[in-house]
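J.: Input: one structure, supplied below.
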Amino acid sequence: MIKKTIFLLLFPSLLFAQQKDTTAIRYSTIITASEMSKNLHVLASDEYEGRETGKKGQKMAAEYLSNQFKSFGIPPYKENTYYQTYPLNMILPVPADVMINEKKYIGNKDYYNFPGITEQTILTSKVLFLGYGIQDDNYNDYKGVDVSGKTIMILSGEPYGADGNSLITKNKDASQWTTRQRNKSEKAKDAGAAAILIVVEDVQKGIADNKHRLESSSLKLELSRKEAPVIYISKEMANSILKKTTTEKIITKISKSGKPLKIKAKSNLVIDVKNNVQKIEAENVLGFVEGTDLKEEIIVITAHYDHLGKEGDVVYNGADDDGSGTVAVINLAQAFAKAKKEGRGPRRSMLFMPVSGEEKGLLGSAYYTENPVYPLKNTVCDLNIDMIGRLDENHEKNSNYLYLIGSDKLSSQLHNVSEQANKTYTNIELDYTFNDEKDKNRFYYRSDHYNFAKKGIPVIFYFNGVHADYHKETDEVQKIDFNKMEKITRLVFFTAWELANRDERIVVDSNKK
């Protein structure tokens, strides 16, 4: 009996964590599959034209979201508006001009580049050819090679080893393959390269496969930051730069040796980027539920409501990406607003913020964190929901899973609150595969939570993984698992409820990146 008494005295918090909060359970029942289905059938309909940032559909979605917040009794946060409007530079799709050894090549025929390159002119007589890219053991870096200020040329795809098998193939892991190709240029930019030429196997196929991106405008918050241009060129153009050899011979040599190759080529190269820029605006939508005794501290819940827009008559409705997260935020706002209306509202304030511009480079969340409406020093954490309505290929027979990313990177307490909320209320199988810093998909850096994390604010990213319809016109409402969404959204609710009502604010006590 004495031992039992001592245990109770020493571990009251443990016992409390195992008890279910009946008030939280009561308001969690407002979060339903049917409510999210109702909202998603609107936002992911053809009428909203794919919700492309700055376009008609995004404006319609912003109005729908603000009307939802208004219907819950959430007041405008200032001057009769729910919007944080931010300026954007829309860069229209104009190919760069490229000339090699006095010969002018034709954009979107001999080569292609995506809109958004910083306006600049590069003239050089030296190109550093790096084969498939100089890679470390993780095949994703340029360690040991000085590319700073240099124009580099690399082969797309992956080298073949002595066994005839590629390190990464499109068929084996399409997501990892695509990410690896993106990392080649991003890592070169990070290392200070002045320009990056990527030699593709078939330029015409590349143009056809990327037709939508090549014909769509790019958006930038500002144009002052200079970035290295990335140009995708043909083998013929590469051979003109190399002069004394050919890419085919080099590919054969690399395949036999399995080692990286560096060649300094002397050629006169001109890359001239001129942009056609229009000034536009986009909106983040803010629903603010004020807390009680700890109202100065704020829990932020985000999801991006924009998607890819449309191409002709084809509409990219983005039901999962990220209509699913958007309607989850709507339902979460509804639950907390009702609790407040009935006198059971949160101690800390709640900011429900669907953001735009994610598909264009995390723009809306970047603008908010640089121009916060509420002080970042008072922001406890960001819970970000991006794609929670589908299954990935690793969980085709099990819908009771969720990828959690970032929960432990800045705050062990946030991670523990999340884990305990799941054990107490939802019992979802939490998968931390993509939380690994070595994961080549780098999802931690690819959604809106990251802009908060960069400011030292703890985050959780809720994610179901990619699937065959990711960024395709086939990402439609009829493929959404709303029961899965309901369960995940309730986990976010219980986590947020505990964070908003606990006595002590969670602390930043780690820095895992």
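The values are calculated or read from the model by the stated rules, or taken from the named source; none is laboratory data. As the structure is a prediction and not an experimental result, all values here were calculated from the model. Every residue, glycine as well, gets a Cβ built from its backbone with ideal geometry; the counts of neighbours run over all protein chains shown.
J.: Looking at segment 138-157, which of the residues that are at positive phi and over 26 Å from the mean Cα position of the chain (by Cα) is modelled with the lowest pLDDT?
T.: G144
J.: Still on this structure, please answer the following. So which residues in segment 207-236 are surrounded by fewer than 16 Cβ atoms within 10 Å (Cβ to Cβ), assigned to a loop (DSSP other than H, G, I, E, B) and of a type in the set (G, A, S), if there are any at all?
T.: Of everything in segment 207-236, just one residue is surrounded by fewer than 16 Cβ atoms within 10 Å (Cβ to Cβ), assigned to a loop (DSSP other than H, G, I, E, B) and of a type in the set (G, A, S), namely S224.
J.: Among the strands (runs of 3 or more DSSP E) confined wholly to segment 40-125, which include 2 or more residues that are surrounded by 15 or more Cβ atoms within 10 Å (Cβ to Cβ)?
T.: Where strands (runs of 3 or more DSSP E) fall fully within segment 40-125 and carry at least 2 residues being surrounded by 15 or more Cβ atoms within 10 Å (Cβ to Cβ), they are 83-91, 97-100.
J.: Could I ask something else about it? Taking the options G343, G389, name whichever one is in a loop (DSSP other than H, G, I, E, B), surrounded by fewer than 21 Cβ atoms within 10 Å (Cβ to Cβ) and assigned by TED's automatic domain parsing to the domain that holds S45.
T.: G343
J.: Okay, moving on. So A335 passes all but one of these: (1) within 21 Å of the chain's Cα centre (by Cα); (2) outside any strand (DSSP E or B). Which condition number does it fail?
T.: Just one mismatch for A335, condition (1).
J.: Follow-up. Just one of D448, D469, D509 is out of contact with any Phe, Trp or Tyr (no Cβ under 7 Å at 6 or more places or on another chain) and either among the β-branched types (V, I, T) or closer than 18 Å to F352 by Cα (or both); which is it?
T.: So the residue among D448, D469, D509 that is out of contact with any Phe, Trp or Tyr (no Cβ under 7 Å at 6 or more places or on another chain) and either among the β-branched types (V, I, T) or closer than 18 Å to F352 by Cα (or both) is D448.
J.: Can I ask one more? Is segment 370-386 home to any residue that is at positive phi, at pLDDT 95 or above and outside any strand (DSSP E or B)?
T.: No; the residues of segment 370-386 include none that is at positive phi, at pLDDT 95 or above and outside any strand (DSSP E or B).
J.: Would you mind finding the one in N451, N394 that is at negative phi, part of a helix (DSSP H, G or I) and loosely packed, with under 15 Cβ neighbours inside 10 Å?
T.: N394
J.: Separate question: Within segment 471-513, take every residue that is modelled with pLDDT of 95 or more and of a type in the set (G, A, S) and give me the one that is surrounded by the fewest Cβ atoms within 10 Å (Cβ to Cβ).
T.: The extreme case among them is A500.
J.: Follow-up question, since we're still on this one. Kindly indicate whether any position in segment 282-289 is in the same structural domain as N451 (by TED's automatic domain parsing), in contact with a strand residue (DSSP E or B) (Cβ under 7 Å, 6 or more places away or on another chain) and surrounded by fewer than 24 Cβ atoms within 10 Å (Cβ to Cβ).
T.: For segment 282-289, residues in the same structural domain as N451 (by TED's automatic domain parsing), in contact with a strand residue (DSSP E or B) (Cβ under 7 Å, 6 or more places away or on another chain) and surrounded by fewer than 24 Cβ atoms within 10 Å (Cβ to Cβ): present.
J.: Here's a check for you: in segment 163-202, which residue that is closer than 14 Å to G133 by Cα and among the basic types (K, R) is modelled with the lowest pLDDT?
T.: The residue in question is R180.
J.: Just need a number here: residues in segment 285-327 that are part of a strand (DSSP E or B), aliphatic (A, V, I, L, M) and more than 14 Å from the chain's Cα centre (by Cα).
T.: Residues flagged as part of a strand (DSSP E or B), aliphatic (A, V, I, L, M) and more than 14 Å from the chain's Cα centre (by Cα) within segment 285-327 amount to 9.
J.: For S240, are the conditions met, namely being of a type in the set (S, T, Y), touching a residue at least 60 places away in the same chain (Cβ under 8 Å) and more than 22 Å from G157 (Cα to Cα)?
T.: In short, no.
J.: Evaluate the following for Y403: is it assigned to a strand (DSSP E or B), buried (at least 21 other Cβ atoms within 10 Å of the Cβ) and either out of contact with any Lys or Arg (no Cβ under 9 Å at 6 or more places or on another chain) or among the hydrophobic types (A, V, I, L, M, F, W, C) (or both)?
T.: So Y403 fits the description; yes.
J.: So is K423 of a type in the set (K, R) and either under 21 Å from the mean Cα position of the chain (by Cα) or part of a loop (DSSP other than H, G, I, E, B) (or both) or not?
T.: no
J.: Okay, next question. Enumerate the pairs (first residue in segment 186-206 and under 9 Å from S234 (Cα atoms); second residue anywhere and of a type in the set (A, V, I, L, M, F, W, C) and not in a strand (DSSP E or B)) with beta-carbon separation below 7 Å, excluding pairs fewer than 6 apart on the same chain, so at least 6 apart or on different chains.
T.: Filtered contacts from segment 186-206: V199/A238.
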